[in-house]
Amino acid sequence: MDSVAQRLSAVGAGAALELRGVTRLFGALAALTDVTITVRPGERRAVLGSNGAGKTTLFNCITGDFPPSSGTIRFFGEDVTHFPPYERIRRGLRRTYQISALFPGLTVQDNVYLACRGVSRGRFSFLRPGQNDALMHAADGLVQAVHLTGVKDQRVAELAHGQQRQLEIALALAGAPRFVLFDEPAAGLSPTERVELVEILTSLPPHIGYIIIEHDMDVALRVVESVTMMHNGRIFKEGLPQEIQSAPEVQELYLGGGHE
Amino acid sequence: MSVTHDARIQVHKPASTAQRPAVRGWPDINNPAAWIVAVILLIMPLIANGFFLIEIFATTLILGTIALSLMFLAGYGGMVSLMQLTIAGFAAYMVAVFGVSGNANISLGWPWWLAVPMALTLATIFGTLGGALAVRTEGIYTIMITLAIGAAFYYFTNQNWAIFNGHTGINNVATPHFWGVDWRADIPFYYVVLATAALCYFAVEYISRAPFGLALQGVRDNPRRMAALGFNVNAHRVAAYAVASFIAGLAGVLQVWNYRQISPGSVSVGACIDVLIIAVVGGITRPVGPYIGALVFVLLRTFALDFLVKIGLDGNRFRLLIGLGFLAIVFWSSDGVIGLWQRWRQSQVREENRPGGGRGHG
């Protein structure tokens, strides 16, 4: 854990993400109730919980896909509670989706190129990228980093599921991400692909922190240094991976039983 | 093995990056059929008489350009707008109002080179404002809002006498004469129309591979993800309406020069829907589709009457033929005539490749 401590001290103090009393209602249903979380820059954290615990709603509130009903969200000190999603993304927040949210009519290369373009200038440019376009090269690099170079001119609709999951991650790493939300990145991946995923996550540059929602404890606990447990839209436990793994609530949650 | 490091180190990929823009960006260059069509269009005045040149081909190119503006919105942006003809009609009215016409009490008498930019500007503003309303909705509601704008404009032109001259419209609209050429004479006008249509066609094809066009296709495929990549989705949609309005406006200017008059009949709800039919029949996945659809439409409109009379039916039933053709094409091919064509080509290619085996996937 020494390297983790070094890494965190290197990226500085303050909070990357600070949620205060975040509540989200869908009609009478409270998907999130009074959630307060602080994540330091560079910190890597897992959010665990059963289906319907509010994990994905938490992500949607942080990115602004659904604004919170009450509470405040700060991103690197800035109050982004009322910002539209694209303003948060331009400030270095990224996310992936549980069900791949890609552009099936475009090629792999164009998908990644759009991700690179979205967080830089010239989104409305009418000029085609030239052969030495920096973003084109950045996109090439990302495509290679997620092992998709062989299929980069194929339309995304033609990709296998595992390849789509890898592309999903590439889209979230375009530009200069400061904090990433991974929503079940291992869903539907083969054991080999899971090993590759762990490798991609652990080799991210040290200043990039993330929150990962993951049901596969082998993946989740290997790539994080802290864990938050959620249930019924509330946080009920925070701790280190080892503590959480042996906690009775977790045993109950993941090995049968479960509260109704 | 760090991801972002890879992004910087991995810079030179000469083979694949070098050929991508040239080949995939301009598919027409390697297509012999496109060259043949281009040559035929250029030498058309040598083969066709004045009737064919204007009533068939110029009219096809004008209607095709209006439908192209719909193809740009629907094919790339996923937004079906029924007001593209209304925008073209608005531009046509503005040329008549600001320029010279037989209705001296209405027309301001500006020279064409002032009236046309004014008309294009106003039409673009009009379409952009309509788009700004429409982008707040999706799917069927976009169709309803744009159709409502089209219908409102039609009834407004019918009832407003101060500017639009009511149901009689504006007649004897002057057409440009300069450099000793009457640009409304058949052959010069055909080339003006051809040049404008080509400009619009290549502009749409070029933009489709530029960041703006790619982003528009991203908005079509997944607007929510586009927002999560840093794009302001609604701003992109409104900008797409602005581009489409300018294209429709250009076609509207040509239309008023073609008929030398503009009246509410030209902007009726039926005509708005004709543009949708043209685009869908031709195919909205590629810019060439609207022109193919327009050619089918104009040929049917012009000759179905004689054909129907010949087989003993009422000539005014030509819309029945168009309707049946529309049904058949939508039933057999959701991407219109070009869809049928592409599938036929693919089946040919597959048969050629079968003995030797398909191309490998790297």
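A:F83 meets the conditions (1) at pLDDT below 90; (2) of a type outside the set (S, T, Y); (3) farther than 30 Å from A:G150 by Cβ in every case but one. The failed one is (1). In region A:183-200, which residues are touching a Pro at 6+ places or on another chain (Cβ under 8 Å) and at pLDDT 90 or above? Passing the criteria: none in range. Here A:I211 passes the criteria (1) within 20 Å of A:V119 (Cβ to Cβ); (2) surrounded by fewer than 22 Cβ atoms within 10 Å (Cβ to Cβ); (3) more than 14 Å from chain B (Cβ to nearest Cβ) except the one numbered (2). Output the number of residues of region B:221-238 satisfying the condition of being within 7 Å of another protein chain (Cβ to nearest Cβ) and farther than 17 Å from A:T96 by Cβ. Of the residues in region B:221-238, 1 are within 7 Å of another protein chain (Cβ to nearest Cβ) and farther than 17 Å from A:T96 by Cβ. Just one of the listed residues (B:A251, B:A294, B:A279) is touching a Pro at 6+ places or on another chain (Cβ under 7 Å) and part of a helix (DSSP H, G or I), namely B:A279. Please tell me if B:A132 is in a helix (DSSP H, G or I) and at negative phi. So B:A132 passes the test.
Of all the residues in region A:90-109, those that are free of Cβ contacts under 8 Å to residues at least 60 places away in the same chain, touching a Lys or Arg at 6+ places or on another chain (Cβ under 8 Å) and at the interface with another protein chain (Cβ under 7 Å from one of its Cβ atoms) number 4.
Checking each residue in region A:134-161 for being at the interface with chain B (Cβ under 9 Å from one of its Cβ atoms) and in a loop (DSSP other than H, G, I, E, B) picks out A:V146, A:K152, A:D153, A:Q154. Tell me yes or no: at least one residue of region A:74-86 is among the aromatic types (F, W, Y), more than 9 Å from every other protein chain (Cβ to nearest Cβ) and either crowded, with 21+ Cβ neighbours inside 10 Å or touching a Lys or Arg at 6+ places or on another chain (Cβ under 6 Å) (or both). There is at least one residue in region A:74-86 that is among the aromatic types (F, W, Y), more than 9 Å from every other protein chain (Cβ to nearest Cβ) and either crowded, with 21+ Cβ neighbours inside 10 Å or touching a Lys or Arg at 6+ places or on another chain (Cβ under 6 Å) (or both). Could you tell me whether any residue of region A:223-235 is over 30 Å from A:R117 (Cα atoms), surrounded by fewer than 23 Cβ atoms within 10 Å (Cβ to Cβ) and among the charged types (D, E, K, R)? Scanning region A:223-235 turns up at least one residue that is over 30 Å from A:R117 (Cα atoms), surrounded by fewer than 23 Cβ atoms within 10 Å (Cβ to Cβ) and among the charged types (D, E, K, R). Cβ separations smaller than 6 Å between residues 6+ apart or across chains give the following pairs from region A:234-260 residues that are under 27 Å from A:L25 (Cα atoms) and at pLDDT 75 or above to residues that are of a type outside the set (A, V, I, L, M, F, W, C) and surrounded by 13 or more Cβ atoms within 10 Å (Cβ to Cβ): A:R234/A:T33; A:I235/A:T228; A:E238/A:T228.
Residues of region B:217-242 being hydrophobic (A, V, I, L, M, F, W, C) and more than 18 Å from A:A139 (Cβ to Cβ), which ones? Within region B:217-242, B:V219, B:A227, B:V233, B:A235, B:V238, B:A239, B:A240, B:A242 qualify.
Conditions tested, residue by residue: (1) farther than 16 Å from B:Q255 by Cα; (2) buried (at least 18 other Cβ atoms within 10 Å of the Cβ); (3) within 14 Å of chain A (Cβ to nearest Cβ).
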residue	(1), (2), (3)
B:F156	yes, no, no
B:V173	no, yes, no
B:P176	no, yes, no
B:R184	no, no, no
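Against the test of being assigned to a helix (DSSP H, G or I) and either farther than 21 Å from A:R91 by Cβ or at the interface with chain B (Cβ under 8 Å from one of its Cβ atoms) (or both), the options A:Q131, A:Q164 yield a single qualifying residue, A:Q164. Against the conditions (1) more than 27 Å from B:I140 (Cβ to Cβ); (2) over 17 Å from the mean Cα position of the chain (by Cα); (3) within 9 Å of chain A (Cβ to nearest Cβ); (4) not acidic (D, E), B:A203 satisfies every one except (2). Considering region A:43-97, the qualifying strands (runs of 3 or more DSSP E), each wholly inside and each with 2 or more residues that are among the polar types (S, T, N, Q), run over A:70-75. In region A:110-127, the residue that is farthest from the other protein chains (Cβ to nearest Cβ) out of those that are part of a loop (DSSP other than H, G, I, E, B) and of a type in the set (G, A, S) is A:S120. Take the conditions (1) modelled with pLDDT under 90; (2) within 14 Å of another protein chain (Cβ to nearest Cβ); B:I277 misses just one of them, which is (2).
Out of A:T81, A:T63, which single residue is closer than 18 Å to A:G209 by Cβ and among the polar types (S, T, N, Q)? Please lay out each step first, then the result.
Working: A:T81 fails: closer than 18 Å to A:G209 by Cβ.
Exactly one residue qualifies, and that residue is A:T63.
Kindly indicate whether any position in region B:95-111 is assigned to a helix (DSSP H, G or I), among the small types (G, A, S) and in contact (Cβ under 8 Å) with a residue 24 or more places away in the chain. Yes: region B:95-111 contains one or more residues that are assigned to a helix (DSSP H, G or I), among the small types (G, A, S) and in contact (Cβ under 8 Å) with a residue 24 or more places away in the chain. If you go through region A:196-216 and keep only what is in a helix (DSSP H, G or I) and under 15 Å from the mean Cα position of the chain (by Cα), you end up with A:L197, A:V198, A:I200, A:L201, A:T202.
The values are calculated or read from the model by the stated rules, or taken from the named source; none is laboratory data. All values derive from a computational prediction rather than experimental measurement. Note that each Cβ is placed from the backbone with ideal geometry, even for glycine, and that neighbours are counted across all protein chains shown.
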